[in-house]
Amino acid sequence: MSGRVIGIDLGTLNSCVAAVENGRAVILSEDQRTTVPSCVAFKGDKELVGAGAKRYAVTNPENTVIAVKRVLGHPFDSDEVRAAAAVARYPIVSGPQGGVVLRVAGHELTPIDVSARVLAAVRELAEKALGEPATTAVISVPAHFNDLQRKSTKLAAEQAGIDVLRLINEPTAAAFAYGYKKGRDFMLAVYDLGGGTFDVTVMRARGDTFEVLATDGDSYLGGEDFDSAIAEWLKQEFERQHDSQIDGDDTALLRLKEAAEKAKVELAEVDSTRIELPYLAQLPDGGHIDFSTTLTREKATELVQPLIQRTLDLCSRCIDAAAVAPCELDDVLMVGGQSRMAAVQEGVADLFGCEPRRDINPDEVVAQGAALYAYSITADSLRASAEDAADDALGVALKQTDVARKLLDGVDERLDRTLGDESLQTLLDELLEATGHDDMAELTADPDADLPERAKKVREELLQLDYKMSELTEKVDSDSPDGLEAALQQISDQLSAAHSSSDRADGFLDEADQHASARKVELQDVTSLPLGIGTVGDALSILIDQNTPVPVEHRRMFTTNEDNQEEVEINVYQGRSRDASQNQLLGSFTLWGIGRAPRLTPKIEVAFVVDEDGILSVSASDAASGAEQSIRVRDPLGVQATQSQRRSRSKF
Ligand code: AMP
């Protein structure tokens with residue numbers, strides 16, 4: 001690990017990065033901008049990322065990719081990709097192995113490629129702000145991100161030259177930011193309603209252990225659905241006012257959706273807002289229809305109420321799963337841009353029986369939590385590096401101090417003698433030649449003296465030498481040999497160098513102290529969705545259930561369904577439906593070489609392992625034949641799904 005560790009919130013619309021400075025998580029910014037729009041554009045042969053790309057999006061939507069997180073890790077044949085393709089101004093086509101390719105301005109990009117560019121821009125911002133490399137990060141993902149989405153995020157980070165220390169769930173990061181500075185135990189819920197997804201998490205902190213008790217949510221429920229509900233009303237209003245249909249007019253519908261979002265955000269501040277959309281629809285005779293209407297906060301609230309209720313129902317299910325009563329919670333944190341809506345906050349307050357926390361910045365708290373977690377898990381190694389650096393600087397300081405002392409002593413001793421310039425220079429040269437070994441050895445030999453003790457010794461020694469130097473300087477008069485001033489300058493330079501090495505060592509020691517006092521917190525997260533394999537009759541056989549603490553490993557025996565069945569296809573799913581095929585297919589592989597035997601006889605062991613990033617690997621083996629097969633979907637969705645045949649059928 002080199003440079004600083006950072007925490008990145010890779011958001012759908014905006015990304016944010018933080019680092020820990022003096023024990024506090026600080027949002028890193030450029031030109032006072034604290035977020036990087038998650039946006040990539042192509043302008044001629046120039047590639048723009050972030051704010052520049054977002055500005056360009058207005059005039060060149062067909063060359064600009066926005067909100068790629070919505071399709072990251074989703075197969076081409078999925079509702080998310082269909083929804084994105086319906087509004088994208090560039091073709092979204094099927095990629096290798098069921099993945100997605102975006103055709104933008106002559107470029108073919110996967111969602112991983114686009115996310116990698118955003119992450120690279122975030123990294124660049126961090127490095128500029130910190131003035132040092134920042135290649136190691138904790139990155140947050142929605143709690144409901146499935147395995148493919150998590151893997152895709154990691155791959156994008158790798159492509160951006162970022163070493164991912166850990167993925168952290170967004171609500172967990174928010175809770176971490178909230179609880180890190182608190183010295184006491186607490187229990188809290190995090191309500192995270194972003195642009196595209198909703199997550200709720202109940203977490204408990206006891207001592208230095210932060211434990212997620214339960215998490216729930218809906219990856220199809222977010223601010224965009226609020227926009228759609230309002231846009232639908234606007235459409236009806238238009239049709240009512242003008243007795244004209246705009247169903248097939250994609251551009252008009254898109255403008256209604258944009259107007260809906262703008263109005264929704266404005267209604268956070270005002271009671272009603274005017275929507276003006278000139279030239280919204282074309283008439284067959286070439287004329288046009290303008291549209292304008294007024295939307296009140298009350299009406300907007302009524303339109304989105306069913307969506308708010310869905311989030312509240314999920315909250316109830318989550319607190320039930322966590323087996324806590326709302327009154328046991330110390331706080332409810334609101335995260336995600338859509339949680340700013342007053343009606344959302346009122347609904348949450350009613351359900352939990354307490355006012356949710358509004359004093360946190362939902363755009364920043366996740367990155368802060370990720371940074372604090374990154375710091376918490378690296379503080380020990382940062383302390384060790386700072387101590388090594390202090391040790392090195394002290395070694396240099398000792399050497400320089402030693403040389404300065406010898407020169408001072410030598411010159412002082414022989415000052416009374418009359419020496420010519422040359423002799424004085426010869427004396428200095430002789431002394432320099434002779435210095436640096438014995439006394440140095442004495443000063444550094446004591447391995448038991450701890451670093452602060454050695455640093456103190458050097459400081460004391462330097463004080464004495466400063467004093468001696470000033471005495472010597474006072475002795476200089478008109479009778480002094482001509483070369484003395486130059487000799488003293490040489491000694492003074494040596495002393496200054498020793499001082500600055502000693503100061504550097506002190507700086508590193510302060511840094512080490514700070515890292516030593518960092519709170520080392522253990523984070524225990526859970527799986528957000530059931531994981532299992534498809535069995536006969538399209539049933540999902542769950543191996544690891546929702547809300548299981550990770551990392552975790554579960555094994556289960558399966559068997560064959562037909563006599564002499566020599567191979568079996570294993571389809572790995574993630575999701576809540578009992579029908580396997582209704583869930584997200586994470587990967588498939590075939591275990592072949594099963595020993596021929598009557599149906600229901602072979603014992604095929606399937607093992608699921610979920611690591612602390614929530615990433616799954618699966619293996620299957622037939623004990624009788626020794627056949628074994630595993631899948632590590634390192635490069636999901638068409639980048640490169642790998643299967644490995646580790647051992648084929650045994651001959652015996
Ligand atoms: P996030 O994914 O957390 O960046 O959240 C983005 C969503 O928050 C979008 O749907 C925005 O329209 C919505 N949003 C942002 N600010 C507000 C606000 N003040 N009131 C209502 N919704 C907002």
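Out of Ala53, Ala85, Ala120, which single residue is in contact with a Cys (Cβ under 6 Å, 6 or more places away or on another chain) and part of a helix (DSSP H, G or I)? Break it down stepwise before answering.
Values: Ala85 fails: in contact with a Cys (Cβ under 6 Å, 6 or more places away or on another chain); Ala120 fails: in contact with a Cys (Cβ under 6 Å, 6 or more places away or on another chain).
The conditions single out Ala53.
Test Glu108 against the stated conditions and say whether it is among the charged types (D, E, K, R), out of contact with any Pro (no Cβ under 6 Å at 6 or more places or on another chain) and in a strand (DSSP E or B). It would help to see each step written out before you state the result.
Values: among the charged types (D, E, K, R): yes; out of contact with any Pro (no Cβ under 6 Å at 6 or more places or on another chain): yes; in a strand (DSSP E or B): yes.
Taking the combined requirement at face value, the residue satisfies it.
Picking from Val40, Val20, Val68, Val100, which residue would you name as being within 30 Å of Thr172 (Cα to Cα) and within 16 Å of the ligand (Cβ to nearest atom)? Please lay out each step first, then the result.
Numbers: Val40 fails: within 16 Å of the ligand (Cβ to nearest atom); Val20 fails: within 16 Å of the ligand (Cβ to nearest atom); Val100 fails: within 16 Å of the ligand (Cβ to nearest atom).
Exactly one residue qualifies, and that residue is Val68.
Among the candidates Pro356, Pro362, which residue alone is touching a Gly at 6+ places or on another chain (Cβ under 7 Å) and either in the same structural domain as Ile8 (by TED's automatic domain parsing) or not charged (D, E, K, R) (or both)? Outline the logic, then answer.
Working: Pro356 fails: touching a Gly at 6+ places or on another chain (Cβ under 7 Å).
It is Pro362.
Considering Val81, Val100, Val114, which residue is under 20 Å from the mean Cα position of the chain (by Cα) and open to solvent by less than 30 Å² (accessible area, probe 1.4 Å)? Talk me through it step by step, then tell me what you get.
Values: Val81 fails: under 20 Å from the mean Cα position of the chain (by Cα); Val100 fails: under 20 Å from the mean Cα position of the chain (by Cα).
Going through Val81, Val100, Val114 in turn, just one is under 20 Å from the mean Cα position of the chain (by Cα) and open to solvent by less than 30 Å² (accessible area, probe 1.4 Å): Val114.
Could you please find all residues in segment 334-352 being away from the ligand (no atom under 13 Å from the Cβ) and open to solvent by less than 40 Å² (accessible area, probe 1.4 Å)?
Gly347, Val348, Ala349, Phe352 - these are the residues of segment 334-352 that are away from the ligand (no atom under 13 Å from the Cβ) and open to solvent by less than 40 Å² (accessible area, probe 1.4 Å).
Residues checked against (1) closer than 19 Å to Ala374 by Cβ; (2) of a type outside the set (Val, Ile, Thr):
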{"site": "Ala105", "(1), (2)": "no, yes"}
{"site": "Val118", "(1), (2)": "yes, no"}
{"site": "Glu124", "(1), (2)": "yes, yes"}
{"site": "Thr136", "(1), (2)": "yes, no"}
{"site": "Ser152", "(1), (2)": "no, yes"}
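May I ask you to say which residue of Val202, Val190, Val141, Val212 is of a type in the set (Val, Ile, Thr) and over 19 Å from the mean Cα position of the chain (by Cα)?
Numbers: Val190 fails: over 19 Å from the mean Cα position of the chain (by Cα); Val141 fails: over 19 Å from the mean Cα position of the chain (by Cα); Val212 fails: over 19 Å from the mean Cα position of the chain (by Cα).
Of Val202, Val190, Val141, Val212, the one residue that is of a type in the set (Val, Ile, Thr) and over 19 Å from the mean Cα position of the chain (by Cα) is Val202.
On the given criteria, is Asp31 closer than 22 Å to His144 by Cβ and of a type in the set (Asp, Glu)? Can you show your working first?
Working: closer than 22 Å to His144 by Cβ: no; of a type in the set (Asp, Glu): yes.
The answer is no for Asp31.
Quick one: count up the residues across segment 266-282 that are surrounded by fewer than 16 Cβ atoms within 10 Å (Cβ to Cβ), on the phi < 0 side of the Ramachandran plot and free of Cβ contacts under 8 Å to residues at least 12 places away in the same chain.
Initial filter on segment 266-282 (surrounded by fewer than 16 Cβ atoms within 10 Å (Cβ to Cβ)): 268-272, 274, 276, 278-279, 282.
After this cut, where a residue has to be on the phi < 0 side of the Ramachandran plot as well, the list is 268-272, 274, 276, 278, 282.
If we keep only those that are free of Cβ contacts under 8 Å to residues at least 12 places away in the same chain too, we end up with 269.
Residues flagged as surrounded by fewer than 16 Cβ atoms within 10 Å (Cβ to Cβ), on the phi < 0 side of the Ramachandran plot and free of Cβ contacts under 8 Å to residues at least 12 places away in the same chain within segment 266-282 amount to 1.
Restricting to strands (runs of 3 or more DSSP E) lying wholly in segment 263-381: which have 1 or more residues that are under 30 Å from the mean Cα position of the chain (by Cα)? Show your work before the answer.
Numbers: elements: 272-282, 288-296, 331-335.
The strands (runs of 3 or more DSSP E) meeting that bar are 331-335.
So which residues in segment 1-17 are away from the ligand (no atom under 14 Å from the Cβ) and surrounded by fewer than 22 Cβ atoms within 10 Å (Cβ to Cβ)?
Met1, Ser2, Gly3
Across segment 583-609, which residue is most open to solvent (accessible area, probe 1.4 Å) among those that are outside any loop (DSSP other than H, G, I, E, B) and either within 12 Å of Gly532 (Cβ to Cβ) or outside the structural domain of Pro549 (by TED's automatic domain parsing) (or both)? Reasoning before the result, please.
From segment 583-609, those outside any loop (DSSP other than H, G, I, E, B) are 584-592, 604-609; that's our starting set.
Then keep just the ones that are either within 12 Å of Gly532 (Cβ to Cβ) or outside the structural domain of Pro549 (by TED's automatic domain parsing) (or both); that gives 584-586, 606, 608.
On the way: Gln584: 40, Leu585: 74, Leu586: 12, Val606: 2, Phe608: 0 Å².
That would be Leu585.
The values are calculated or read from the model by the stated rules, or taken from the named source; none is laboratory data. Computed from a prediction, not measured in an experiment: that's the story for all the values here. Ideal geometry is used to build each Cβ from the backbone, glycine not excepted, and the neighbour counts take in all protein chains shown. Surface areas here come from the heavy atoms of the whole protein model, side chains and all, with no ligands, DNA or RNA. Shrake-Rupley method; radii C 1.70, N 1.55, O 1.52, S 1.80 Å.
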